[in-house]
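Peer 1: Before I ask anything, let me first share the structure, which is written out below as structure tokens.
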Amino acid sequence: MKADPLGVLTGAHYLDGDFAAGEGAMAAGCRFVAGYPITPSTEVVERMSRRFPMMGGTFIQMEDEMASMAAVIGAAFTGTKSMTVTSGPGFSLMMENLGLAVMMETPCVLVNVQRGGPSTGLPTMTGQSDMMQARWGSHGDYEIIAMSPKSPQESFDLMIDAFNLSEIYRVPVLFMMDECVGHMTEKVIIPEPDEIDIVPRKLTDKKPGEFWPYEVNNGELVPEFARAGDGYRFHTTGLTHDYRGYPDMTVEGQWKLVTRLMDKINKNVDDIIRFEEEETDGADVVVLSYGITSRVARLAIEKAREKGVKVGVIRLIVVWPFPEKQIREMAKKIKGFVVPEINMGQVVLEVERCAAGNCTTTSVPHPGGGVHDPETIVEAIVGAAK
Amino acid sequence: MSRKEIRITGFGGQGVVLCGHIIGHAYSIDAGHEATMIQSFGPEARGSACSTSLVLDESEVLYPYLQDLHILLAMSQDGYEQSKDLLNAKGVVVHESDLVVPDLKKGQKGYGIPSTRIAEEIGRVIVQNIVMLGFFAAVTLLVTKELWESAVMDSVPAGTEELNMKAFQAGWDHFEENYGDGTPKKETVETAF
């Protein structure tokens, strides 16, 4: 289906990344946001709370981030596309209910405009140090989707993708921005509503009495949905549950549920991963980065190419799930990966794991508060080419 | 060189950010290039020095922060003092001449306008930043006058368009009357890039 015109501000705008993410969410059909506003993500909810009355949306400023995430889960089960918005300290508080959202198979989006950490860290300054928390932050075994935009334009475009993926796989999608992109103002082109593809909630056509909330048809991995209030009997829980949504705390039940929760992502990795690849054929060094760092890295790549180094580029758009297969293959053909990120080395660990000793992996760390000096990336590229 | 760097400074409440917003709007949306604006985020809500920076380029701006400042637009002395050392040796200072006394290094150029006084004469001191913008537009000629005007119209609150256009024109005229000979000259700032 196409986007609801009420939520689409078609035209050319000069917007910061936070505003653009908010516009993307509204264009994607998001009509409920619960949050506890925090720098540098505040402008997302500022924008949405101002525009929501024009499209029948609801913003609730909650008492804290735990409640925010809980409210988002509740709203999602009424069939409303729902989102919360936070930064590092709030992201930590949301981890418990993020697990609940995974367990209950809740389509929703969680925006984290990353700042420097740990703890309250650097409220107004950039970071990318929550990337492993996005992967592993809640307890238990699960798979999740996390994406990272590089610009205000991509904050808009990718947000629509984020909502669509959350609907297809009934999984929370983590929208991992960084302060630099969030507070950076650039040209953002918002298309016409009929140019925006929207994935609606997969509602069941079974009758009440025939429907079970977690029943999957043969070969399928994602259950159909019944909205709260539509007259279906409905039970759901954070406990390990069976197809009826009732607790089934057995080893067999655990095998069945956890396997399916992981399979629905793992078996669809090829449809979920998104990355840009450039000049990797014949490259000696491949620079892998994401978010704002991918732009700074591009400057370093151009300088390294001037020095005669054959450099390829991988820009991750979806970071989790990771393009494991592609990185494994590439590692056999190049001398080394260089991974700059605004943290002390997180996604680089995944690159190193997938490279499996077939090539070198060089981390270019930065503790946060700013972006890399491109020269440090140039040095790493030149070093990896030797 | 296609990359151009601009910093706008002043005190909170002078409209520093809106001024930057319109420059970025004009250069990217109206003229079809790229413009990345980064605001300073600090405790400068009202009265103390605040700033915003823009990087302009023909293609995607890769490094969003300042590396080599070409043009400094200063609306307060404090703001000027905080940023003057960033300005390159051939840089240009555009300043509020009643509020800022620039100490230009050899090779740097300065263009001043009493924009607050002019805005008072127009009737609303709040449009000081748009008077300054009109002057900046004439000094820099980064885009054509028509595109500047279109960016102002798109960026100011509804109902204030006429007042703001008057302010913009007053700033533009001040440059023509004091520095121009009736024909805009692009070379005023070109040496800075």
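Peer 1: Can you tell me which residues in the range B:112-136 are touching a residue at least 60 places away in the same chain (Cβ under 8 Å), open to solvent by less than 10 Å² (accessible area, probe 1.4 Å) and over 14 Å from B:HIS95 (Cβ atoms)?
Peer 2: Of everything in the range B:112-136, just one residue is touching a residue at least 60 places away in the same chain (Cβ under 8 Å), open to solvent by less than 10 Å² (accessible area, probe 1.4 Å) and over 14 Å from B:HIS95 (Cβ atoms), namely B:ILE130.
Peer 1: Would you list the strands (runs of 3 or more DSSP E) that sit entirely within the range A:293-386 and hold 1 or more residues that are away from chain B (no Cβ under 14 Å) and in contact (Cβ under 8 Å) with a residue 60 or more places away in the chain? Can you show your working first?
Peer 2: Numbers: elements: A:311-316, A:318-320, A:336-340, A:360-364.
Output list reads A:311-316, A:318-320.
Peer 1: Out of the residues in the range A:1-26 that are hydrophobic (A, V, I, L, M, F, W, C) and away from chain B (no Cβ under 14 Å), which is most open to solvent (accessible area, probe 1.4 Å)?
Peer 2: In this case the residue turns out to be A:MET1.
Peer 1: Is it the case, given these coordinates, that B:PRO64 is over 17 Å from A:THR185 (Cβ atoms), more than 15 Å from the chain's Cα centre (by Cα) and open to solvent by less than 50 Å² (accessible area, probe 1.4 Å)? If you could, list the steps in order and put the result at the bottom.
Peer 2: Details: over 17 Å from A:THR185 (Cβ atoms): no; more than 15 Å from the chain's Cα centre (by Cα): yes; open to solvent by less than 50 Å² (accessible area, probe 1.4 Å): yes.
For B:PRO64, the condition - over 17 Å from A:THR185 (Cβ atoms), more than 15 Å from the chain's Cα centre (by Cα) and open to solvent by less than 50 Å² (accessible area, probe 1.4 Å) - is not met.
Peer 1: So, of the residues in the range A:137-174 that are more than 22 Å from A:ILE38 (Cβ to Cβ) and among the aromatic types (Phe, Trp, Tyr), which turns out to be surrounded by the fewest Cβ atoms within 10 Å (Cβ to Cβ)?
Peer 2: Among them, the one singled out is A:TYR142.
Peer 1: So, one more: Answer yes or no as to whether A:VAL251 is more than 30 Å from B:TYR63 (Cα to Cα), of a type outside the set (Phe, Trp, Tyr) and at pLDDT 95 or above.
Peer 2: So A:VAL251 passes the test.
Peer 1: Consider B:LEU87 carefully, then state whether it is over 13 Å from B:ALA192 (Cα atoms), buried (at least 20 other Cβ atoms within 10 Å of the Cβ) and modelled with pLDDT of 95 or more. Break it down stepwise before answering.
Peer 2: On the way: over 13 Å from B:ALA192 (Cα atoms): no; buried (at least 20 other Cβ atoms within 10 Å of the Cβ): yes; modelled with pLDDT of 95 or more: yes.
No; evaluated as a whole, the condition is false for this residue.
Peer 1: Only one of these conditions is not met by A:VAL371: (1) surrounded by fewer than 21 Cβ atoms within 10 Å (Cβ to Cβ); (2) touching a helix residue (DSSP H, G or I) at 6+ places or on another chain (Cβ under 6 Å). Which number is it?
Peer 2: Condition (1) is where A:VAL371 drops out.
Peer 1: Taking strands (runs of 3 or more DSSP E) that fall entirely within the range B:1-113, which contain at least 2 residues that are within 10 Å of another protein chain (Cβ to nearest Cβ)? Before the answer, list the steps.
Peer 2: Details: elements: B:4-11, B:34-39, B:49-57, B:69-74, B:87-96, B:109-113.
Answer list for the range B:1-113: B:34-39, B:49-57.
Peer 1: Quick check on A:GLY253: is it over 28 Å from the mean Cα position of the chain (by Cα), of a type in the set (Gly, Ala, Ser) and assigned to a helix (DSSP H, G or I)?
Peer 2: yes
Peer 1: With B:ILE38, B:ILE29, B:ILE22 as the choices, which residue is open to solvent by less than 10 Å² (accessible area, probe 1.4 Å), of a type outside the set (D, E, K, R) and modelled with pLDDT of 95 or more? Spell out how you get there, then give the answer.
Peer 2: Details: B:ILE38 fails: open to solvent by less than 10 Å² (accessible area, probe 1.4 Å); B:ILE29 fails: open to solvent by less than 10 Å² (accessible area, probe 1.4 Å).
From the options B:ILE38, B:ILE29, B:ILE22, the qualifying one is B:ILE22.
Peer 1: Restricting attention to the range B:137-172, which residues are aromatic (Phe, Trp, Tyr) and open to solvent by 10 Å² or more (accessible area, probe 1.4 Å)?
Peer 2: B:TRP172
The values are calculated or read from the model by the stated rules, or taken from the named source; none is laboratory data. All values reported here derive from a predicted model rather than from experimental measurement. Because the Cβ atoms are built from the backbone with ideal geometry, glycine has one as well, and the counts that use them run over all protein chains shown. Only protein heavy atoms, including side chains, enter the accessible area calculation; ligands, DNA and RNA are left aside. Shrake-Rupley method; radii C 1.70, N 1.55, O 1.52, S 1.80 Å.
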